[in-house]
Amino acid sequence: MRDVWILGSASTAFGKRPDDTFKALTAEVYRAVLADAGWETGAALEQAWFGNCGMGTFGQRNIRGQVCFTPLVRDGLFPERAPIINVEGGCATASMAFHGAWKDVASGDMEASLAIGVEKTFFPGDAARTLEIFEGGIDQFDPAEWQAYYTARGQESGKPFVPNAGGGTLFMDTYAMQAAWHMRHHGTTREQIAFASSKNHWHGSMNPKAQYRFEVPVQQVLADREISWPLTRSMCAPIGDGAAAAILVSGALLARQPAEVRARAVKVRASVLTGGKYRAPDEPGLSRVAAQRAYAKAGLTPADVDLAEVHDATSFCEIFQLEMLGFAEAGQGGPMVASGATRLGGRLPVNLSGGLVSKGHPVGATGLSMVDELVLQLRGEAGPRQTDRARIALAENGGGVIGFDEAACSVILLEAPGG
């Protein structure tokens, strides 16, 4: 397999953007990623992987990427006849697009490939259509299977399975049960979960592209409206729209770029995907497997990682993923967060973007927005939230649910320019 480099990355501002169409978001982030790579057009691109989850709810169920790229082809910004592969993997969609583009280049089949994720989940005055998008992230053919699983887990965690009781999605209830189980078996506290939320809202207050750009003190997090105990609104990712993208290239193509472009290229050390299953609650999740495979492929260990972006669809998820990714022992994710270790300035900054709870979570774009944040950090271009230790970075992104597992998980390891 060949080395692969990120030549350009970009993300739109995330938020409720009802007036922006899918085509408009696609054009916005595509033009931005070209500019970041130092390209006027995408003539060198040989393929694109287009990630999206919810466009079918808007009426475009097929050929989503082709439809959104038609104006860009017409304007000469994307090459005619280049293939576009449509990708969907729940909240891991954009990371799957990244993995496809990475394989294009790593395999030697192509010199340059595009990964892009575009999403709209906000319907003004029509929450049912938003729920329709998210309902696709769980088995709709055999719901009795997961209902029985969650009923049993609810009994074990001391939190009965009552879906949508607090007005959130089913996924917030599944995360809440996982949090309750972790609290009962490992001693994790609501205050530790609130600390993770408050920390990420602080990070997000420094991110000009975050959906929420304000701080939330720990006590305010705890006092916020309950979504599904032990989770409050401030601990849960919001509904929103946005797009993100990355251009991946070979070393040979990189060598032909101007010196100032080569100096900003970020190396992809590993990209790994894993699949979920109905696991026992005390069994490690699929992100543990993905991380172990990624470390092995890159010749790295958790101790080599300087910063991370993890999939905190709820703030409990950050605590859990610290344990799954090898940064903390089982039951020690909460104390690690509460110690300040994952804050800006801590020994392992996590979710400097603000994470999903502050930056936002337009599901089909989230994974690539994580990559974009890490690229900014590794280049030293993150502004007031820039960490002073940025050589190796990790992105963990999960999508859909199968019991207590996500249906899919991505772990990506990146290395700084000149690293």
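Throughout, read-outs are computed from the coordinates displayed, never taken from laboratory work. Nothing here was measured: the structure is a model prediction, and the numbers come from that model. Here Cβ is always computed from backbone atoms with ideal geometry, including for glycine, and neighbour counts include all displayed protein chains.
Using the alpha carbons alone, the radius of gyration of the stretch 15-96 stands to its Kirkwood radius in an Rg to Rh ratio of 0.95. Peptides 217-227, 332-342 ordered by packing proxy, namely the average of other Cβ atoms within 10 Å per residue, highest first: 332-342, 217-227. Note on the chain: with a GNM built from Cα contacts shorter than 10 Å, the maximum mean-square fluctuation among Gly354, Gly204, Gly380 falls on Gly380.
Remark: the stretch 190-195, residue by residue, has Karplus-estimated 3J(HN,Hα) of 4, 5, 5, 4, 5, 5 Hz, where x stands for each Gly or Pro and the curve is 6.51 cos²θ - 1.76 cosθ + 1.60 at θ = phi - 60°. Shape of the stretch 344-419 from the C-alpha gyration tensor: prolate (a/c of 1.5 or more and a/b above b/c, with a ≥ b ≥ c the square roots of its eigenvalues).
Here is the P(r) of the stretch 40-137: all C-alpha pair distances, binned every 5 Å from 0, give 3, 13, 21, 21, 18, 12, 7, 4, 1, 0 in whole percents. Calculated on the alpha-carbon coordinates, the convex hull of the chain measures out at 124 cubic angstrom per residue. Between the C-alpha center of the stretch 95-169 and that of the stretch 43-59 there is a gap of 17 Å. Highest mobility in the GNM of the chain, judged by mean-square fluctuation with C-alpha springs under 10 Å and restricted to Asp405, Asp20, Asp142, is found for Asp142.
Comparing Cα centroids, the stretch 236-266 and the stretch 301-350 end up 25 angstrom apart. Only helical runs count toward this figure. For the chain, summing -39,500 (n - 2.57) over DSSP H runs of n ≥ 4 and dividing by all residues gives -11500 deg cm²/dmol at 222 nm. By the Kirkwood approach, averaging reciprocal distances over each pair of separate Cα atoms, the stretch 259-411 gets a hydrodynamic radius of 15.7 Å.
Across the stretch 33-75, the convex hull enclosing all Cα atoms gives 95 Å³ per residue. Scanning residues 5 or more positions from Ile402 or on other chains, those with amide H under 5 Å from its amide H are Ala407, with H placed 1.01 Å from N in the peptide plane. With both labels modelled 7 Å from their Cα along Cα-to-Cβ, the Arg74 to Arg31 distance reads 1.5 nm. For the stretch 92-227, the relative contact order is 13 percent, taking Cα pairs closer than 8 Å that sit 6 or more residues apart in sequence and dividing their mean separation by the residue count. The HN-Hα couplings worked out from phi for the stretch 62-79 by the Karplus form 6.51 cos²θ - 1.76 cosθ + 1.60 (θ = phi - 60°) are 10, 6, 5, x, 4, 5, 6, 8, 3, x, 6, 5, 4, 8, x, 8, 10, x Hz, whole numbers, x standing for Gly and Pro. Taking amide H atoms as placed 1.01 Å from N in the peptide plane, the amide H of Asp241 lies under 5 Å from those of Gly15, Lys16, Arg17, Thr121, each 5 or more residues away in sequence or on another chain. If both residues of a DSSP beta bridge must be in the chain, then about 75% of such bridges are antiparallel. Backbone amide hydrogens, once placed in the peptide plane, bring Ile227 within less than 5 Å of Thr232, Arg233, excluding anything fewer than 5 places away on its chain. 3J(HN,Hα) couplings calculated from phi for the stretch 413-419 with the Karplus curve 6.51 cos²θ - 1.76 cosθ + 1.60 (θ = phi - 60°) are, in sequence order, 10, 10, 10, 5, x, x, x Hz; Gly and Pro show x. Using the average count of surrounding beta-carbon atoms within 10 Å as a protection proxy, the listed peptides 361-367, 406-412, 105-111, 298-304 rank, highest first, as 361-367, 406-412, 105-111, 298-304. Structural descriptor for the stretch 51-112: relative contact order 35 percent, calculated from alpha carbon pairs under 8 angstrom and at least 6 residues apart. Think of the stretch 64-203 as having a plus end and a minus end, set by charges on the Cβ of Lys, Arg, Asp and Glu; of Ala144, Trp202, Ala180, Trp202 sits farthest toward the positive end of this dipole.
Counted by Cβ distance under 13 Å from Met336, the other residues give a net charge of 0, where Lys and Arg count +1 and Asp and Glu count -1.
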